[in-house]
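The values are calculated or read from the model by the stated rules, or taken from the named source; none is laboratory data. Everything quoted here is computed from the prediction, not taken from an experiment. Cβ: placed from backbone, ideal geometry, glycine included. Neighbour counts: every protein chain shown. Ligands, DNA and RNA are stripped out before the accessible areas are found, and what is left, the full protein with its side chains, is counted by its heavy atoms. Shrake-Rupley method; radii C 1.70, N 1.55, O 1.52, S 1.80 Å.
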Amino acid sequence: MLARMATTVHQVLTTTVEKFGARPALRVKRGGQWKTTTWSEYARDVKRAARSLVALAVAPGQGVSIIGANSPEWLVADVGAIYASAMPAGIYTTNSAAQVRYITDHCEAKVAFADTPEQVAKFVAEKSGMPRLEVVVQMSGKPNDDAGGGKLRVLGWDEFLALGEKDEATNIEVEKRLAAQQVDDVCTLIYTSGTTGEPKAVMITHRNVTWTAETMISMLGFGAEEETVSYLPLSHVAEQMLTIHGPMRMGSLVYFCESLEKLGEVLVEVRPTIFLGVPRVWEKIQAKMQAAGASAPPLRKKLVAWARKQGLAGGYAEQRHEAKPLLYPVAKKIVFDKVRQRLGLDRARICVTSAAPISRDTLEFFLALGIPILEVYGMSECTGPATYSPPDRYKTGKCGICIPGAEIKIAEDGEVCMRGQHVFKGYLKDAEATKNALDADGWLHSGDVGTIDADGFLQITDRKKDLLITAGGENIAPQVLEGLLKGIPVVAQAVVIGDRRKYLAALVTLDPERIAAEAQVAGSSAKSVVDAARCKTFQQHLQKQIDEVNATLARVQTIKKFAIVPNEFTIDGGELTPTLKVKRKVVNEKYKVQIESLYAEAEVTTVETMVS
């Protein structure tokens with residue numbers, strides 16, 4: 001077990017370069033070929049970026065905005081800002097120009113990074129609202145001559161990196177700033193995704209990131225041989241730990257995936273040893289596999305059904321530390337190993353889910369295929385993980401146990417609280433919010449409601465602010481019910497509503513890849529989601545499945561009515577955050593007419609649709 005001691009980011013990178021300087025650190029596909037950056041080259045460019053930021057008069061403690069797809073340049077900009085004692089602030093690529101302005105102005109950035117002309121344009125459009133911003137660095141391609149529109153200086157990537165080399169004084173200043181850094185200095189800002197109101201700036205320290213990275217690596221036995229795929233937004237703390245600070249401590253290799261749409265092919269090509277998927281990613285993989293399975297020959301279906309039965313029994317036996325079924329190895333060889341290979345997960349020692357609730361149906365789907373998905377619970381304010389699930393000690397449906405060296409407890413009102421070296425310093429420029437989140441004893445109040453069992457495993461039941469209180473005064477946890485609804489194969493997403501209402505209702509979206517197979521079972525002619533939403537026969541088929549869910553619930557928890565949304569909830573549509581969490585406030589507002597129709601005083605019908 002490694003000693004878990006906090007250091008500065010600079011000290012971690014320096015040590016890793018000394019050990020693994022010639023080893024590959026980063027790989028990105030350019031022109032159809034993987035381009036490799038070694039650890040020595042990575043550190044060299046980080047120092048060059050720091051010198052250039054100093055040359056542009058970025059002061060210690062000043063923010064530096066970064067918006068763009070995951071890439072080596074994103075990392076160099078981020079860590080370069082840390083080296084310059086500035087505070088990098090990642091921005092989601094889906095954010096609007098107004099949201100870009102808010103973050104850039106809030107962190108008082110003088111310099112910003114953007115990967116494309118389209119992202120650069122967001123800064124130009126809102127320049128009047130960012131009085132301190134002077135320079136935007138375009139990380140990819142050569143900027144147009146008029147890219148700044150006369151409002152901002154726009155530099156190309158190579159031009160930016162060369163700035164600091166013109167004057168040796170910049171190097172002296174960077175070294176001076178590095179020598180002055182302390183472990184409790186803020187090294188990065190994580191802006192919350194803002195499901196309600198403006199995002200808050202979570203101040204993360206050197207201690208937070210280096211201690212957390214060291215702890216996770218130590219307890220899971222990770223090393224320099226690990227290979228991971230970076231594809232989730234780097235503005236999110238989980239991806240920063242997986243792509244920046246974890247690999248920096250291990251000396252491991254990171255591959256960059258251009259987009260979520262290309263994740264499947266990149267996984268097959270890279271075959272990572274560690275894979276983190278948010279619930280929506282796992283759900284989409286599940287949906288595609290189920291759609292493909294529906295068209296398989298009868299004999300193949302029977303074989304897979306038999307293997308999955310062995311797999312599920314074996315997965316739960318493993319959790320109880322009992323022997324797996326006698327024929328489990330046979331199922332593994334003829335089905336599970338092939339599935340892993342086709343998914344690109346045949347080398348994955350650990351598959352993880354985090355960032356949002358995941359349904360038990362999805363967990364059991366993969367468990368039955370010999371792919372246990374280990375849950376991690378945490379938040380930006382505790383630098384990512386508060387709990388983890390060891391591969392040899394996990395429970396399906398539970399979020400794991402407290403990470404070593406930290407504490408976790410359940411408050412009297414059921415709120416989950418954490419304390420330790422991973423807990424943030426506070427919110428930038430928001431003393432009131434900091435006071436509400438951190439109590440006098442150093443406990444971080446998560447806003448989540450949960451329980452801890454006799455073995456120390458945490459289970460999250462809901463968000464405090466998401467709890468529904470019906471007109472009858474019953475407290476309802478919607479996430480639990482939503483997880484059950486998403487267990488219906490054709491249901492892609494679900495949002496339960498009913499706060500201050502007489503009964504519960506739900507909005508559901510359908511998986512387009514399941515429509516044809518489900519319609520055939522239902523005896524419906526539906527060919528698309530819109531068809532299904534209009535078809536009474538399909539609605540009645542779905543109602544029967546919801547009735548089966550209701551049969552397992554207390555009366556006050558049952559879903560009395562539902563509406564089919566004829567499209568998926570998306571980031572672009574505003575219903576999802578960039579990390580694919582549902583924005584309940586947006587959903588409630590966007591579909592308020594349809595929601596009200598579910599509670600009309602007229603005679604209550606069982607099924608409603610949202611298609612006129």
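Of the residues that sit in the stretch 449-485 and are modelled with pLDDT of 90 or more and among the charged types (D, E, K, R), which one is most open to solvent (accessible area, probe 1.4 Å)? Taking the candidates together, the pick is D455. Within this structure, V209 passes the test of being touching a Cys at 6+ places or on another chain (Cβ under 7 Å) and either part of a helix (DSSP H, G or I) or small (G, A, S) (or both). Of all the listed residues (E568, E589, E513, E575), the sole one being among the acidic types (D, E), out of contact with any helix residue (DSSP H, G or I) (no Cβ under 9 Å at 6 or more places or on another chain) and closer than 30 Å to S235 by Cβ is E589. Candidates N95, N70: the one that is open to solvent by less than 30 Å² (accessible area, probe 1.4 Å), under 18 Å from M130 (Cβ atoms) and either at pLDDT 95 or above or outside any strand (DSSP E or B) (or both) is N95.
Quick grid of which residues meet (1) under 18 Å from L155 (Cβ atoms); (2) assigned to a helix (DSSP H, G or I):
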{"residue": "W34", "(1), (2)": "no, no"}
{"residue": "P60", "(1), (2)": "no, no"}
{"residue": "G80", "(1), (2)": "yes, yes"}
{"residue": "P88", "(1), (2)": "yes, no"}
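Checking each residue in the stretch 124-159 for being in contact with a helix residue (DSSP H, G or I) (Cβ under 7 Å, 6 or more places away or on another chain), among the β-branched types (V, I, T), closer than 17 Å to R101 by Cβ and open to solvent by less than 20 Å² (accessible area, probe 1.4 Å) picks out only V136.
All of A121, A169, A162 fail the test of being part of a helix (DSSP H, G or I), over 18 Å from L53 (Cβ atoms) and open to solvent by less than 80 Å² (accessible area, probe 1.4 Å), apart from A121. Taking R347 as the residue in question, decide whether it is of a type outside the set (S, T, N, Q), at pLDDT below 95, open to solvent by 40 Å² or more (accessible area, probe 1.4 Å) and within 32 Å of the chain's Cα centre (by Cα). So R347 fails the test.
Just for the stretch 548-572: of the residues that are of a type outside the set (A, V, I, L, M, F, W, C) and surrounded by 14 or more Cβ atoms within 10 Å (Cβ to Cβ), which one is farthest from N95 (Cα to Cα)? So, considering only residues that are of a type outside the set (A, V, I, L, M, F, W, C) and surrounded by 14 or more Cβ atoms within 10 Å (Cβ to Cβ), the one farthest from N95 (Cα to Cα) is N550.
For the stretch 490-521, a residue qualifies if it is under 23 Å from K536 (Cβ atoms), crowded, with 19+ Cβ neighbours inside 10 Å and not β-branched (V, I, T), and the qualifying residues are A492, Q493, A494, L504, A505, A506, L507, L510, D511, R514, E518, A519. Listed by first and then second residue, the pairs with beta-carbon distance under 6 Å, at least 6 apart or on different chains, first residue in the stretch 551-563 and aliphatic (A, V, I, L, M), second part of a loop (DSSP other than H, G, I, E, B) and surrounded by fewer than 20 Cβ atoms within 10 Å (Cβ to Cβ), are V556/E474; A563/M610.
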